[in-house]
1. Would you mind calculating the relative contact order of the chain from Cα pairs under 8 angstrom and at least 6 residues apart, reporting the percent as a whole number?
2. In deg cm²/dmol, rounded to 500, what helix-only [θ] at 222 nm does the chain give when every DSSP H run of at least 4 residues adds -39500 (n - 2.57) and the total is split over its residues?
Amino acid sequence: MLEQYLPFVGLIIFGNIENLVLSSQGVVAGVNPLKLGIVSIICVCFWLILGTFGTQILINYVDFIDFIGGLAIFILGAQAMYTSIRGE
């Protein structure tokens, strides 16, 4: 059962790291940590459900999904670093 998710392991790991980066940005920006935590949990549950069913349907497009997901994670990470360096 888990072997169908192996092509997505990198995306899962780096996606979770990116979620931590975005959450820390929210805390630094002064967002209420309780509200941020609740919204983050809701988003993680949504992505878990979407990923579980999407993997079964779109397994033939794993390379494309990995590329797009990795690109999105890279862009969001670069944006977070740029914002933190500028001090906004």
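Read the figures in this text as sums done on the coordinates, not as results from a lab. Treat the numbers as computed from the prediction; the structure is a model and nothing was measured.
1. 53 percent
2. -28500 deg cm²/dmol, from helical runs alone.
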